[in-house]
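All of the numbers you see were taken from the coordinates with simple rules; none came from a lab. Source: prediction; values computed, not measured. Ideal geometry is used to build each Cβ from the backbone, glycine not excepted, and the neighbour counts take in all protein chains shown.
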Amino acid sequence: MTNKELVHHNISLTFDFLREVVHHPEILDSVKEGSDIEFVQKNIVKRSKNGLKKSTRYFKVLHKFEVIGN
């Protein structure tokens, strides 16, 4: 995937996420203020030495957005 394709994909994914939040605002209840949001499309999540990266909220992307991690 070229850099341009990756940027386009990430922008599309962000807008898909925003549409999902409009329909299901309770998704944001689990996101602490100041957290980063990162989308993963596999069951593998980037981990730090002590588990998941702190202050990052991960969303697994399948057919709908689902919070994963702590």
**OP:** Using a 10 Å cut-off on Cβ atoms, rank the peptides 30-36, 8-14 from the highest mean neighbour count down.
**Re:** 8-14, 30-36
**OP:** Once you have the Cα-Cα distance between Asp29 and Ile68, take 0.36 nm times their residue separation minus that, and quote the gain in nm to one decimal.
**Re:** 12.7 nm
**OP:** Mind giving me the FRET efficiency for Thr56 and Lys4? R0 is 22 Å, r the Cβ-Cβ distance, nearest 0.05 is fine.
**Re:** 0.30
